[in-house]
Amino acid sequence: MDTTFKGEHLFPGQLGQFFIILSFGSALLAAISYYFATTDKTGLSNSWRRLGRIAYMTNLASVVGIGCSLFYIIFNHLFEYHYAWEHSSRSLPVYYIISSYWEGQEGSFWLWCFWQGVLGNILIWKAKSWESPVMTVISLSQALLASMLLGIEIFGTRIGSSPFILLREAIDLRAQAPIFASRPDLYHNYLSYITDGNGLNPLLQNYWMVIHPPTLFLGFASMVVPFAYAIAGLWQKRYKEWVQPAISYALFAVMVLGTGVIMGSFWAYESLNFGGFWAWDPVENAALIPWLTLIGGVHVMIVYKNTGHSYFTATFLVLVSFVLVLYASFLTRSGVLGDTSVHAFTDLGMFWHLVVDVAVFFVLALVLVIIRWKELPIDKKEEETYSREFWMFVGSVFLALSCLQLTVVTSIPVWNKMFGTNIAPPNNPVTLYNVFQAAFAVVVALLAGVTQFLKYKKTDTGKFYITGAVYLLLAVLITALVVYVSGIYRLRIVFSLAMLAAIYMVLSNIKVLTDAFKGKIKLAGSAVAHIGFGLILVGAVIAAGTSKVVSINNTGEQYSAEFAKRNDPKENIMLYKNTPVKMGDYMVTYEGDSIAMPNHYFKVDYKRLDANGKVTEEFVLKPNSQANRKMGLVSSPDTKHYLLHDLYTHVTMAPIKFDDDPQDNDGHSEADDDKNYDAPISHDIAIGDTIRYREGYIVLEGLDKNARVQNIQLAKNDIAVGAQLKVVSNGRSFTAEPVYMIKSGDVFDFSRKVDDAGLKLRFTKISPKEGKMTIMVYQQPENRRPYIVMKAIEFPYINFFWSGTIIMVIGFVLSIRRRNKELKTVAPAPKANKVSKRPSPLQAH
Amino acid sequence: MKKSSIIGLVVIAIAIAVIIGLYSNASSYGSFADAKKTSGELHVIGYLDKQKELYYDAAKDANYFSFYMKDKKGEECKVVFPGTKPQDFERSEQIVLVGEMVNGEFHASHIQMKCPSKYTQDKVEFTEASAKKADI
């Protein structure tokens, strides 16, 4: 560095960068040490393991060090660092500094590293005989993650992207600011010109964004644990043993990842304006896919533990789940999604780095499976048709197939890149996904219901058919009612079937739960989780399928015949301030604004009227917009929550000012101001008379002989009279007192405005003989009046979706406790059945 | 036939159905010229013509928005969208439309725009004020 720059704080960045290198080095050392601890035959394995432990603990410490350095930089607004400049600003409240951490890719990689570090330390403590091989895999994964943060150049290519890069290194400031071209001597003092950072995207300034990313990344990070166990099992030829300890970790991973995904969905529902809780966006799919495959994986792991069947499927699904997690991070971070997703991260030039990350673990898994193929404990004997394991296996296969559809469609940009094609995503991706995924859900949910009546190994068929049929009949009856009431029958048949399957799943698991309370308490966990999942399906099908736009508005001008003919839903309704409009069952009024920078809230009053026009319910919703100079206009909805449905409202268009514009500026001349109004109409009226105008009426209630006008002293012969006017506009009343004045022989008048009624009133003349007063009424033309354009959607029964999630998580917690208890009581090796070395074609697929 | 073979066949059948499903539903990217030739919806990528009028008047119709877009081949066409003007539309750099051509007007059913927000551009704001001098 040849210049010194004034005001830079280089130490925290250098410290952070040191920790990054340390974390990469220590993770690599841990991987190597644990590798030798696993393979060493010379008696040194204990020493290697000790070294591995020290290295991994050092790794966690240095990851924490990175986090602290970054926090210090953002907290102290050190904008000489690109990350702080790009993702924060001085006005950012302290609690959102956390969110600005993971707005960028580097911060979210750090979060992932942190969780993986914590999980690794838990495994060091808990994994016992599995420690060395499992930690080899986890340390390798940790080293690859840390390499994403390196940001150092090797052979001319930059490896990773460091959060500690300086602003002047990331951006050519001299090229951007002409002042440095003309006065290069000022460049060393560049920091004094940078007074604030870019700030955090307003959409991320939301409490859900403080907790959603950590949960999601804990979910992603914990997917590595079952993967590591599966690899360790293959590597150490402990084919049967790995399943049992891995089940708890796999359950934990799906629980946390599932929670994280739904939290994201809730955040989208509460603060994004696409009007829903799930959009099948590639970013959402990327997180959902590994979740579904590992859900399948958990089920076949349990099958294997109980019966010795489905070994290969269990291994396959566990391995593929983690590879899909890495693939998800490739999709969302490499920029490959390009035009197809609105909210993917930008390309940091790490395309190949991310590809390598996926490839390393994919090849590792593939090679190990191929090498060990002949030895795998694959059961030759077929499962009984009337056995739980067979149908659980089938269900898991279908879950995996649903992921195949999601992956194939989401990856369209990848196919384009690989094969040089130019396919566009489906025109109507949401419908396509809904139909396909509902079809898979029918099969999966039916099986999750049916298998509850089957036993492992062999079931008494007579009894199975009777109970199964009784519950099916019950489910059909309930479904018929639900489908009729909610109107699902008007949709494609597949949604009604999905509803039937989901209700069947809930019912049969309620039966298991009641049995559980009678004594088989260990079954409670899975029953509760299944009930939760069933309710999620019920909620999703009704809410997504029958949500309806309340603000349908066909009153528009219909510019051309073709445009009018098209039956696109006209979903936006325009509201002038204080003019009620009927919308569905409601009378809605845009009543005004309240501004709490940077949010501009629009107060929208809702009245529900009964047949006689009586108000039965009234509430105010406050959707908001932010007009931010840097990020543009961002709108967030507001939602009225009922027990059985939600009413969701968001503003799609409003003439609001940018947050840094001066608000209203006075000092306009009167003539200028008049331009904002239609030509005035004069009325000569007496006290008690009424003037009618477009939206109501005005009554002259009296005269105020002692009217005062600010700052004007009246002399003895001067006169000031105020006209006491009552203005009633759309049922609301206001008062106004325009003043007529004679001062030193000259006539003046002082107008008064009633902004909420869009009026300006002048008192211009008194005719004492007739006893009449002249009042001039200025009315704002319609299009000058404040207005909003908004959209309102009703989501029925969406609470099933959210409450199902909570119930499912409770079920997972119960299941994890049960599996952990089993680990302690049962001998580590499962009693597998007769095992053959020859793979059956069934499991080979 | 063995149960396992049946399952295997079902799996393969579904996998094929999924892929066919993709191809029959996948759309294609094209230009306005392509849109004139085809019936049915198409993706068109292009740029907003900022010289011409963006028309949206909520008072007349809250669900009519029209503008002019140049596709990647440079052909310009009037686009009509049944909705509000998307927030910040003027600032868009690139637009992806989904829709079809009707009588020389492109009727978009979906607009996706890319803005030169902070995500895509590193633009430093220099304030020429007497900035607070950070203390070393």
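Values in this text are rule-based calculations from the coordinates and carry no lab data. What you are looking at is a predicted structure, and each value in this text was computed from that prediction instead of being measured. Don't worry about glycine lacking a Cβ; one is built from the backbone with ideal geometry, like all the others, and counts go over all protein chains shown.
From the C-alpha coordinates alone, can you work out the Kirkwood hydrodynamic radius of segment A:766-806, in Å?
For segment A:766-806, the Kirkwood estimate is 16.5 Å.
Need one number: the % of Cα-Cα pairs in segment B:28-114 sitting beyond the 18 Å mark.
Everything past 18 Å amounts to 35 percent.
Along the positive direction of the dipole of the protein assembly as shown (beta-carbon charges: Lys, Arg +1; Asp, Glu -1; about the Cα centre), which of A:647, A:477, A:88 reaches farthest?
Sorting the options by dipole projection puts first A:477.
Report, in listed order, any pair from A:622/A:791; A:240/A:522; A:570/B:50; A:455/A:520 with a Cα-Cα distance greater than 18 Å.
Those over the limit are A:240/A:522; A:570/B:50.
Need one number for chain A: average projected area of the convex hull over its C-alpha atoms, nm².
49.0
For n ≥ 4 DSSP H runs only, could you compute -39500 (n - 2.57) per run for chain A, divide by its residues and tell me the 222 nm figure to the nearest 500?
Taking each H run of at least 4 residues, the total per residue is -17000 deg cm²/dmol.
Can you tell me the orientation of helix A:224-235 relative to chain A, as the angle in degrees between its alpha-carbon axis and the longest Cα principal axis, to the nearest 10?
The angle comes out near 20 degrees.
Taking the Cα centre of segment A:352-428 as origin and charging only Cβ (+1 Lys, Arg; -1 Asp, Glu), how large is the dipole, in debye to the nearest 20?
Dipole of segment A:352-428, to the nearest 20 debye: 240 debye.
Quick one: divide the alpha-carbon radius of gyration of segment A:180-267 by 2.2 N^0.38 Å and tell me what you get.
Ratio of Rg to 2.2 N^0.38 Å for segment A:180-267: 1.95.
Using a cut-off of 10 Å between beta-carbons, work out the net charge of the residues near residue A:166 (Lys and Arg +1, Asp and Glu -1, residue A:166 not included).
-2
All other residues with a Cβ under 15 Å from the Cβ of residue A:547 taken together, and with Lys, Arg as +1 and Asp, Glu as -1, what is their net charge?
For residues surrounding residue A:547, the net value is +1.
Taking amide H positions as placed 1.01 Å from N in the peptide plane, with prolines and chain starts having none, which residues 5 or more places from residue A:548, or on another chain, fall under 5 Å of its amide H?
The answer is A:794.
Short version: ³J(HN,Hα) in whole Hz for each residue of segment B:96-113, in order, from phi by Karplus 6.51 cos²θ - 1.76 cosθ + 1.60 (θ = phi - 60°), x for Gly and Pro, what are they?
Result, rounded to whole Hz: 10, 10, 10, x, 9, 8, 10, 6, x, 10, 8, 8, 8, 9, 8, 10, 10, 10.
Through the Karplus equation 6.51 cos²θ - 1.76 cosθ + 1.60, θ set to phi - 60°, convert the phi angles of segment A:532-549 into ³J(HN,Hα) values in whole Hz; use x for Gly and Pro.
Along segment A:532-549, the couplings run x, 5, x, 5, 4, 4, 4, x, 5, 5, 5, 5, 6, x, 10, 4, 9, 6 Hz.
If you line up the Cα atoms of segment A:673-785 on their principal axes, what length do they span on each, largest first, in Å?
44, 28, 22
Please order A:648, A:456 by the number of other Cβ within 10 Å, starting at the fewest.
Going from sparsest to densest Cβ surroundings: A:456, A:648.
Taking the Cα atoms of segment A:30-168 alone, what are Rg (to one decimal) and Dmax (as a whole number) in Å?
Expressed in Å, the Cα Rg and Dmax of segment A:30-168 come to 17.7, 61.
Taking Cα centroids, how far is segment A:15-38 from segment A:269-341 in Å?
29
Compute the angle between helix A:105-126 and the longest alpha-carbon principal axis of chain A, please, reported from 0 to 90 degrees and rounded to the nearest 10.
For A:105-126 against chain A, the angle is about 40 degrees.
Rounded to the nearest 5, what % of DSSP beta bridges with both residues in segment B:1-112 are antiparallel?
Looking only at bridges with both residues in segment B:1-112, the antiparallel portion is about 80 percent.
On alpha-carbon atoms, Rg over Rh for segment A:426-533 using Kirkwood Rh?
1.04
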